[in-house]
Structures are given as structure tokens and as C-alpha cells.
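The structure's right below; bear with me while I get my questions together.
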Amino acid sequence: MLYAILYGFAGLTSLALRYIDSTGAMFLYGIGTSPAVILLIFTLSRRYREGA
Amino acid sequence: MRLGIYTDSQEEKIFARRVAKAWARSGLITEAQLEFINGRTVHGLNQTNVFFRLLFFLFTGICVTAVVGLYFRLFKVRGTAALAASALFFGALSYALAAFLARRKSFYRYGIEEALALCSVPPVCRGILTALPVPDHSRLWYDTSISLLIAAAFFRVYLRFGFLYAAVLSIASASAVPFHLSLPPAAEKIVLAAALAAILLTSIRAEGSETRDFARERSAALQGMLLKGLPGTQALRPGPGDPRGRDDRCRRRSRALAQEQAGGDEKRVHGAAS
């Protein structure tokens with residue numbers, strides 16, 4: 001699952017680099033995706049530790 | 001006043017757990033004994049493994065950079081006062097968030113609070129230097145003060161959070177000062193070696209009165225790095241962009257060319273003689 005998230009992020013970033021043509025939009029993309037990835041990994045790691 | 005964000009008891013327990021884990025791995029204690037030690041050293045802090053720590057560090061770093069970048073892009077901050085205020089604001093915010101996560105959420109080497117604490121250093125230093133009135137805008141003054149400021153800020157992060165790499169970054173930043181002072185290359189090396197030796201001696205003296213194991217371990221690691229770095233200072237050479245190194249390189253190149261030429265002449269003389 002973790003690798004799926006990381007590969008998903010890498011794929012999204014490559015798509016973003018292909019279609020986003022302004023620096024501001026790139027920053028927005030960074031602000032949007034980074035906390036989302038952190039939250040996902042954080043939630044998954046907690047769930048995994050709790051054995052749920 | 002206590003500088004560290006974690007209590008000595010928490011740090012001692014984490015240290016004890018780490019040592020017990022190493023003992024168990026070496027077969028000195030059994031799994032049951034390890035469990036017993038772990039049961040007696042509950043510290044209440046959230047930790048994660050190295051892989052997650054790196055991931056969290058990376059993504060937090062991306063997020064902080066993106067927030068700061070977007071702010072400067074959207075609001076087109078140009079004036080000195082606005083630049084200084086914005087940089088100081090972001091630095092303080094990042095540091096406060098790191099402290100909040102470490103204190104309230106009990107994050108310990110989690111990557112997130114580490115990235116936030118480290119990301120607070122450049123904006124704070126930039127903000128202070130922009131806000132300070134510079135008398136003559138000299139390059140020497142700017143370079144020296146930014147190195148010292150960064151060193152002080154990283155040292156503060158080390159004292160507060162205990163990140164060993166923050167202490168290393170602080171020493172590395174302070175080590176750049178002799179190279180900004182327009183000294184001869186030999187003097188630069190001597191000053192740098194003297195400064196590192198002074199830090200090493202201070203650390204050794206301070207360790208004498210230290211009773212906390214985790215602090216002794218940290219200072220031992222620092223001392224090891226300093227001991228490793230001390231001989232390295234004498235091997236430093238001016239970089240390719242450094243004009244002081246150009247004369248030496250030119251001299252070496254012309255000497256090599258002269259030797260090549262002399263060798264060629266000798267061969268020609270030998271050829272003619274045979």
C-alpha cells in the first residue's frame with residue numbers, strides 16, 4: 001500500500017510536471033499533495049501498528 | 001531553565017531501550033529480558049522507523065518550501081521590511097509548529113518535526129539579516145554574519161530538539177567563517193583547526209561533569225566527528241572558483257609543461273646522439 005502511494009505520488013508529479021506550466025500552480029500542487037501523502041502514510045502506519 | 005523539549009527521563013528511557021535492543025541483537029540478553037526492559041522504560045513518545053522518518057522529512061520539506069514559495073509568488077513581496085517580516089514569520093511559524101508537534105503530539109525523531117525545525121533556520125537567518133541595518137553592505141560582513149547566524153540557529157535547534165545533525169550543521173556553518181575573512185590559505189586552515197580544537201576541548205571538558213548517558217553518547221559522537229574533521233582541515237584546497245587557488249594551479253601547470261618540454265628536448269638530444 002505504501003509503495004502504491006509513493007508510485008501514485010511519483011506518477012502524479014510527472015503528470016503535473018507535464019501539464020502545469022506556472023510556478024504558482026506547482027507550489028499549489030506541492031501544498032496539496034505533500035500533506036495528503038503524509039496523512040495517508042501516517043494513518044496507514046498507525047493502522048498497521050494497531051493491527052487493524 | 002531547561003532547553004531541551006524532551007525530559008531527561010524520556011531521553012534516558014529511549015537510550016536504555018536502544019542499548020537493550022543492541023544487547024538482545026548480540027545475544028547478551030534474552031527476548032524475555034528485552035520485553036521486561038521495554039516494559040520498565042515506557043516513555044510515551046511516538047517514534048517511527050528510518051524509512052518513514054525519511055519519507056515524512058521529505059514530504060514536510062516539500063510542503064514547507066511550497067507554502068513559502070507560493071506566498072512570495074502570490075504577494076510579490078519586494079520591500080526590505082516586508083521581506084524581513086515575512087521571512088521571520090515563516091521561520092517562527094515553522095519552529096513553533098515543530099515545537100508543538102514534539103511537545104503536544106509527542107513526536108520524537110518522526111521526520112515531520114525535524115523538517116519543520118530545520119526549515120525554520122534559513123528564513124529566520126535571512127529575516128534577521130534583512131532587518132538589521134548594514135553599515136556598508138560589504139560582502140565580508142554579510143558572509144561572516146550569515147555563517148555565524150546559521151551556526152547559532154542550528155545550535156539552538158540542537159539544544160532544543162537534540163538532533164545531532166543540527167550540531168554538525170552548526171559546526172560546519174561556523175567553520176566557513178575563516179574562509180570569509182580574506183586570510184591567506186595557511187592562516188585559514190590554522191584558524192579553522194584551532195576553532196575545531198577549541199570546540200572539541202570544550203566538549204571534552206563539559207562531558208566530564210555530565211552524568212546523563214544519552215548526553216554523553218551525543219557528545220561522544222560529536223567528538224568523534226570533530227576528531228575526524230580536524231586532520232581534514234589541513235587537506236583543504238581552494239576550490240575551482242576561488243581566485244586564490246588560480247595562482248597555484250597556474251604555477252603547477254606551467255611547471256608540468258616545462259617538465260614535459262624538458263623531457264621532449266632530452267629525447268630529441270638522445271635521438272640525435274644515437
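In µm²/s, what is D for the stretch B:1-111 at 4 °C and 1.567 mPa s, where D = kT/(6 pi eta Rh) by Stokes-Einstein and Rh is the Kirkwood radius from Cα pairs?
Answer from the Stokes-Einstein relation: 76 µm²/s.
Report the full-extension gain for the segment B:Glu217 to B:Ala262: residue separation times 0.36 nm, less the Cα-Cα distance, to one decimal in nm.
Taking B:Glu217 through B:Ala262 to full extension adds about 10.4 nm, to one decimal.
Report the Cα centroid-to-centroid distance between the stretch B:78-96 and chain A in angstrom, as an integer.
Each part's Cα centre sits 27 Å from the other's.
Nothing charged except the Cβ atoms of Lys and Arg (+1) and of Asp and Glu (-1): what's the magnitude of the dipole of the stretch B:164-235 about its Cα centre? Round to the nearest 20 debye.
With only Lys, Arg, Asp and Glu charged at Cβ, the dipole is about 40 debye.
Between the chain alone and the structure with every protein chain in place, find the residues of the stretch B:50-64 that drop at least 40 Å² of accessible area; heavy atoms, 1.4 Å probe.
Buried by 40 Å² or more upon assembly, which counts only protein chains, are B:Phe51, B:Phe52, B:Leu55, B:Phe56, B:Phe59, B:Cys63.
In degrees from 0 to 90, rounded to the nearest 10, what is the angle of the helix A:2-19 Cα long axis to the longest principal axis of chain A?
So the inclination is approximately 10 degrees.
Please determine, in degrees from 0 to 90 and to the nearest 10, the orientation of helix A:23-50 with respect to the longest principal axis defined by the Cα atoms of chain A, where the helix direction is its Cα long axis.
That helix lies at roughly 10 degrees to the long axis.
Still on this model: Please name which of B:Ala87, B:Thr211, B:Leu230 has its Cα lying farthest along the dipole of the protein assembly as shown towards the positive end, using unit charges on Cβ (Lys, Arg +1; Asp, Glu -1) and the Cα centre as origin.
The one lying farthest along the dipole's positive direction is B:Ala87.
What residue among B:Glu11, B:Glu35, B:Glu217 has the largest mean-square fluctuation in a Gaussian network model of chain B, using Cα springs under 10 Å?
Of B:Glu11, B:Glu35, B:Glu217, the most mobile in the Gaussian network model is B:Glu35.
Take peptide A:34-40, look around each residue's Cβ out to 10 angstrom, count Cβ atoms belonging to other protein chains, and average those counts.
Neighbouring Cβ atoms belonging to other protein chains average 5 per residue here.
With bins 10 Å wide starting at 0, give me the P(r) of the stretch B:138-230 over every alpha carbon pair, in whole percents.
For the stretch B:138-230, the binned pair fractions read 16, 45, 29, 9, 1 percent.
So, one more: Mind checking the full-extension length gain between B:Ala187 and B:Glu12? Use 0.36 nm per residue of separation minus the Cα-Cα distance, one decimal, nm.
The span from B:Ala187 to B:Glu12 would gain 58.8 nm if fully extended.
For chain B, find the longest principal axis of its Cα atoms and tell me its angle to the long axis of helix B:8-26, 0 to 90°, nearest 10.
Compared with the principal axis, the helix lies near 70 degrees.
From other protein chains only, count the Cβ atoms within 10 Å of every residue's Cβ in A:24-33, then give the mean.
5
Given points 7 Å out from each Cα along the Cα-Cβ axis, report the B:Val19 to B:Ala85 separation in nanometres with one decimal.
5.2 nm
Apply the a/c threshold of 1.5 to the C-alpha gyration tensor of the stretch B:88-199 and tell me whether it is rounded, prolate or oblate.
oblate
Report the residue, chosen from A:Ala25, A:Ala16, A:Ala36, that carries the largest GNM mean-square fluctuation when chain A is represented by alpha-carbon nodes joined by springs under 10 Å.
Largest GNM mean-square fluctuation: A:Ala25.
Can you give me the % of accessible surface on the stretch B:104-148 that is carbon or sulfur? Probe 1.4 Å, all protein chains present, nothing else counted.
For the stretch B:104-148, the apolar C and S fraction of the accessible surface comes to 62 percent.
How long are the three semi-axes of the equivalent ellipsoid of chain B, in whole Å, if each is the root of 5 times an eigenvalue of the C-alpha gyration tensor, listed from largest down?
For chain B, the semi-axes come out at 45, 31, 19 Å.
Can you figure out the FRET efficiency of A:Arg47 with A:Ile20, using R₀ = 35 Å and their beta-carbon distance, to the nearest 0.05?
0.60
Can you tell me what the convex hull of the Cα atoms of chain A projects to on average, as an area in nm²?
Quarter of the Cα hull surface area: 3.5 nm².
Calculate, for B:Tyr71 and B:Ser209, the FRET efficiency according to 1/(1 + (r/R0)^6) with r their C-beta to C-beta distance and R0 41 Å; round to the nearest 0.05.
Efficiency at R0 = 41 Å is approximately 0.35.
Calculate the translational D of the protein assembly as shown in whole µm² s⁻¹ from Stokes-Einstein, where the hydrodynamic radius comes from the Kirkwood formula applied to all Cα pairs, the temperature is 4 °C and the viscosity 1.567 mPa s.
54 µm²/s
The values are calculated or read from the model by the stated rules, or taken from the named source; none is laboratory data. A quick note: this is a predicted structure, and the numbers were derived from the prediction, not measured. Counting neighbours? That spans all protein chains shown, and the Cβs are built from the backbone with ideal geometry, glycine included. The accessibility values were calculated without ligands, DNA or RNA, using every heavy atom of the protein model including side chains. Shrake-Rupley method; radii C 1.70, N 1.55, O 1.52, S 1.80 Å.
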